[in-house]
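Below is one structure; the comments refer to it alone.
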Amino acid sequence: MTILVLLGSRNACCVTATVILIKGGEVVNHDLQMKADVLIKDGLIAEVAPNIKAPAGAKVIDASGSYVMPGGIDPHTHLAMPFMGQVACDDFYSGQAAALAGGTTMHIDFALPVNHNLLAGFKEWQAKAQLACADYGFHMAVTKWNSQVAEDMGKLVQQGINSFKFFMAYKGALMVNDEELLQGFVRCRQLGALPQVHAENGEAVALGQQLVFEAGITGPEGHALSRPAVLEGEATGRAIRLASFVGVPLYVVHVMSIDAMEEVARARKAGLPIIGEPVASGLALDESAMWDANFTKAAAAVMSPPIRSKQHGVALKKALAGGLLQLVATDHAVFNSSQKAVGRGDFRVIPNGVNGLEERMHVVWQEMVVSGLITPRDFVRITSTAAAQIFNVYPRKGCIAPGSDADVIVLDPRVKHTISAATHHSRIDTNVYEGKEIQGKVTVTISRGRLVWFEGKLNVEPGSGRFIPLPTHGPLFDGIDKAGADTAARLVKAFAAENGATPVVREDA
Ligand SMILES: C[C@@H](CNC(N)=O)C(=O)O
Ligand SMILES: [Zn+2]
Ligand SMILES: [Zn+2]
Ligand SMILES: [Zn+2]
């Protein structure tokens, strides 16, 4: 039956059905596409089958001609992030509302330490998330190494964090050195947590910025010129090798270049558990935006690693289609035109970040499915299922099956629309995809059984979101000794294969 829930004065008109029947659609999971109905009851998928009879009082949605897919999961976002002297202008309400309007029903945000203190950082982001209106998880960044950090990582895995991020760039701000990176990797191995890296050589970036600026290039194009793909490739390769030395999997965020993608591909070919995450902007855009004569437009495209030239985007899409890269995020970190304007005359201080939470599903659909590179099943895998599996919340998330959370979208492939800041739901006043035409539209978003996006209207309330704890020991962590004491033994064994691993006794020692 439908319960009329008065969601507070602002949304008295909203009605939250507890029973929804989606009829006549093509249900698409990462491994199966079939014509079927989907029955949703009390926030969960109750039944997936052809010709389900609508229970009395159910809200019936006609999905004929459309795809019915798992809600998108964006594994890389920065809501309300303090960075480079600004605070990202999307908070947990506006950012998540935008995500729901674009068919993403869960995201994993990066909690940053406060004065290098991880527990303080986690608390800070939990407070930010009070405004949430959708499901979310957290990664935790590590920006310094000491015994307190090691101890706090252990506490955080008990509180639903299963991945820790290390920035190899942003010297003097978030950046860690190799010693700290190695310590962090060893600790991740002990905890069965997944290390992630922002892979650029931060020392070289700092030099590049200084040289380009002193050469008189001060505009946003200087950002692209100062941190070329070779610096992303170097750090990606280095991080992968250090991870394999320690014996941990590695998740490389925002793979923006051929250089980095090829490091990931080579590692995977060698059998290493390396995950490469391109982002929507790296697939669909190219660096020419940073050469735009209009500063606001050029600065809007400033993110790190920089969006590269066209051939990089083409190669990333093929790598994603071929499985060399595994899933797509956004790195949504939005600074509006007045915030970006602090970098007029000095590209080095333009707050880094672009939008994507609302656009990702449409941009990936256009660039990957409409283009013929992948199937709708692959689309589900790279926008939802892979993230659920890597962060160990599958099949609760990332699939349409009885018992799974009712995070469901209806995408009508017949509807054409154009992306624009004039119609988007983010608080940012620019849109890096401005004017991009999309063939296919998310017409319905259901989040935990709530009809949150329907007939072009959002029905969400701040505070109605939910923290999703991410358990460790997902599929990538089989057999890792929690104590981590095996690291040394493993190293000796792995690197002393030919000559045996026992110490040599020498008569002349
Ligand atoms: C600081 C954060 C967002 N900004 C960006 N990628 O330019 C990141 O580097 O992931
Ligand atoms: Zn309403
Ligand atoms: Zn980054
Ligand atoms: Zn990021």
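Worth pointing out:
- Entirely in the stretch 337-452, the helices (runs of 4 or more DSSP H) that have 2 or more residues that are open to solvent by less than 10 Å² (accessible area, probe 1.4 Å): 360-364, 376-380, 386-390
- Just so you know, in the stretch 314-330 the residues that are away from ligand 1 (no atom under 16 Å from the Cβ) and among the small types (Gly, Ala, Ser) include one that is surrounded by the most Cβ atoms within 10 Å (Cβ to Cβ), and it is ALA319.
- Pairing residues of the stretch 344-359 that are within 20 Å of LEU207 (Cβ to Cβ) with residues that are open to solvent by 10 Å² or more (accessible area, probe 1.4 Å) and within 16 Å of ligand 4 (Cβ to nearest atom), at Cβ distances under 9 Å and at least 6 apart in sequence or on separate chains, gives VAL349/MET84; ILE350/MET84; ASN352/PHE83; ASN352/MET84; ASN352/TYR170.
- Among the residues examined, ALA193 does not qualify as within 16 Å of ligand 1 (Cβ to nearest atom), buried (at least 22 other Cβ atoms within 10 Å of the Cβ) and among the small types (Gly, Ala, Ser).
- Strands (runs of 3 or more DSSP E) wholly inside the stretch 45-86 that include at least 1 residues being open to solvent by 40 Å² or more (accessible area, probe 1.4 Å): 59-62, 67-70
- Residues of the stretch 299-335 that are in a loop (DSSP other than H, G, I, E, B) and under 14 Å from the mean Cα position of the chain (by Cα): LEU325, GLN326, LEU327, VAL328, THR330, ASP331, ALA333.
- Residues being modelled with pLDDT of 95 or more and closer than 19 Å to LEU373 by Cβ are represented in the stretch 286-295 by at least one member.
- So LEU156, is it within 16 Å of ligand 3 (Cβ to nearest atom), among the hydrophobic types (A, V, I, L, M, F, W, C) and within 22 Å of the chain's Cα centre (by Cα): no
- Among the conditions (1) open to solvent by 50 Å² or more (accessible area, probe 1.4 Å); (2) in contact (Cβ under 8 Å) with a residue 40 or more places away in the chain; (3) in contact with an Asp or Glu (Cβ under 8 Å, 6 or more places away or on another chain), the only one that ASP259 does not satisfy is (2).
- ILE275 falls short of the stated requirement of being surrounded by fewer than 24 Cβ atoms within 10 Å (Cβ to Cβ), under 23 Å from the mean Cα position of the chain (by Cα), β-branched (Val, Ile, Thr) and more than 16 Å from ligand 3 (Cβ to nearest atom).
- Matching residues in the stretch 297-349 - criterion: being polar (S, T, N, Q) and farther than 29 Å from ALA422 by Cβ: GLN311, GLN326
- Every test in (1) out of contact with any Asp or Glu (no Cβ under 8 Å at 6 or more places or on another chain); (2) away from ligand 1 (no atom under 16 Å from the Cβ); (3) not polar (S, T, N, Q) is passed by ILE240 save one, and that test is (1).
- The single condition among (1) outside any helix (DSSP H, G or I); (2) open to solvent by 30 Å² or more (accessible area, probe 1.4 Å) that ALA141 does not meet is (2).
- Residues that are crowded, with 24+ Cβ neighbours inside 10 Å and either polar (S, T, N, Q) or in contact with a Ser or Thr (Cβ under 8 Å, 6 or more places away or on another chain) (or both), drawn from the stretch 228-249: GLU232, THR236
- Residues (in contact (Cβ under 8 Å) with a residue 24 or more places away in the chain and farther than 22 Å from VAL460 by Cα) located in the stretch 82-99: PRO82, PHE83, MET84, GLY85, GLN86
- Within the stretch 278-298, tally of residues that are away from ligand 3 (no atom under 16 Å from the Cβ) and either assigned to a strand (DSSP E or B) or of a type in the set (Gly, Ala, Ser) (or both): 5
- So ALA141, is it in contact (Cβ under 8 Å) with a residue 12 or more places away in the chain, touching a Pro at 6+ places or on another chain (Cβ under 7 Å) and within 16 Å of ligand 1 (Cβ to nearest atom): yes
- The residue pairs whose first member lies in the stretch 180-205 and is over 20 Å from GLN158 (Cα atoms) and assigned to a loop (DSSP other than H, G, I, E, B), whose second member is at pLDDT 95 or above and open to solvent by 30 Å² or more (accessible area, probe 1.4 Å), and whose beta carbons are closer than 8 Å, counting only pairs six or more residues apart or on different chains, are ALA199/ARG238; ASN201/GLU234; ASN201/ARG238.
The values are calculated or read from the model by the stated rules, or taken from the named source; none is laboratory data. These figures come from a predicted structure and were not determined experimentally. Virtual Cβ from ideal backbone geometry, glycine too; neighbours counted across all protein chains shown. The area values use the complete protein model at the heavy-atom level, side chains included, leaving out ligands, DNA and RNA. Shrake-Rupley method; radii C 1.70, N 1.55, O 1.52, S 1.80 Å.
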